[in-house]
1. Can you confirm whether L98 is surrounded by 11 or more Cβ atoms within 10 Å (Cβ to Cβ), closer than 19 Å to N111 by Cβ and modelled with pLDDT of 80 or more?
2. Can you pull out every residue in the range 86-101 that is assigned to a loop (DSSP other than H, G, I, E, B) and farther than 17 Å from R72 by Cβ?
3. State which residue pairs qualify: first residue outside any loop (DSSP other than H, G, I, E, B) and inside the range 53-79, second residue open to solvent by 90 Å² or more (accessible area, probe 1.4 Å) in any location, beta carbons under 9 Å apart, and separation of 6 or more residues or different chains.
4. Against the definition (over 24 Å from Q2 (Cβ atoms) and either acidic (D, E) or open to solvent by 80 Å² or more (accessible area, probe 1.4 Å) (or both)), how does K46 come out, yes or no?
5. Quickly run through the range 1-25 and pick out the residues that are open to solvent by less than 60 Å² (accessible area, probe 1.4 Å) and under 12 Å from L62 (Cβ atoms).
6. Hey, can you tell me all the residues within the range 65-82 that are exposed (fewer than 13 other Cβ atoms within 10 Å of the Cβ) and not basic (K, R)?
7. Tell me, yes or no, whether the range 11-29 has at least one residue that is more than 30 Å from M102 (Cα to Cα), at pLDDT 85 or above, more than 20 Å from the chain's Cα centre (by Cα) and hydroxyl-bearing (S, T, Y).
8. Restricting the search to the range 83-93, which residues are aliphatic (A, V, I, L, M) and either surrounded by 11 or more Cβ atoms within 10 Å (Cβ to Cβ) or in contact with a Pro (Cβ under 7 Å, 6 or more places away or on another chain) (or both)?
Amino acid sequence: LQKILILLQVTLSVVVGKTLMILFPNAMKRYILKMGEKSRMNQNPKFSYENWGPTFFSFKYLQFVLKVKWKRLEDEAFEGHPAPNTPVVTLGGELCHLLDFMEDNRPLILNFGSCT
């Protein structure tokens, strides 16, 4: 049911976005560029709006957003429920799952941070 609701929401968003791009191309360009500022897409001088702007609200955009949102459904954690077995990549580049690191009845501790 959640996947169907996400499909309807994303499809409606793409249809409305594509329609607005056709009817109001300059306004949508300004809107998309403003979104690009948040993700810093605009800061690369070799990567102009013409490279990525028209891809918004395309069929590939729809597929990508659906894939990401559906994948996130599997990764949600709720208090009192089992932990999601999300995919992780080891330092050696090997793809495995989080619960692969569980040993017997020992607790699994996750430490998030960065090292520079």
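The values are calculated or read from the model by the stated rules, or taken from the named source; none is laboratory data. On a predicted model such as this, the values are computed, not experimentally measured, just so you know. FYI the Cβ positions are ideal-geometry reconstructions off the backbone, even for glycines, and counts take in every protein chain you see. Only protein heavy atoms, including side chains, enter the accessible area calculation; ligands, DNA and RNA are left aside. Shrake-Rupley method; radii C 1.70, N 1.55, O 1.52, S 1.80 Å.
1. Values: surrounded by 11 or more Cβ atoms within 10 Å (Cβ to Cβ): yes; closer than 19 Å to N111 by Cβ: yes; modelled with pLDDT of 80 or more: yes.
Here the answer is yes, as L98 does meet what is asked.
2. As a first pass, look at the range 86-101 and keep what is assigned to a loop (DSSP other than H, G, I, E, B): 86, 90-94.
If the condition is that a residue be assigned to a loop (DSSP other than H, G, I, E, B) and farther than 17 Å from R72 by Cβ, then T90, L91, G92, G93, E94 are the ones that fit.
3. Listed by first residue and then by second, the contacts come to L66/K3; K69/K3; K69/Q9; W70/Q2; W70/K3; L73/Q2; L73/K3.
4. Working: over 24 Å from Q2 (Cβ atoms): yes; either acidic (D, E) or open to solvent by 80 Å² or more (accessible area, probe 1.4 Å) (or both): yes.
It is true that K46 is over 24 Å from Q2 (Cβ atoms) and either acidic (D, E) or open to solvent by 80 Å² or more (accessible area, probe 1.4 Å) (or both).
5. Across the range 1-25, the qualifying residues are I6, V10, T11, S13, V14, G17.
6. So the first thing to find is which residues in the range 65-82 are exposed (fewer than 13 other Cβ atoms within 10 Å of the Cβ), and the list is 67-68, 71-82.
Scanning the range 65-82 gives V68, L73, E74, D75, E76, A77, F78, E79, G80, H81, P82.
7. Yes, there is a match, as at least one residue in the range 11-29 is more than 30 Å from M102 (Cα to Cα), at pLDDT 85 or above, more than 20 Å from the chain's Cα centre (by Cα) and hydroxyl-bearing (S, T, Y).
8. First, pick out the residues of the range 83-93 that are aliphatic (A, V, I, L, M): 83, 88-89, 91.
Residues satisfying the conditions are A83, V88.
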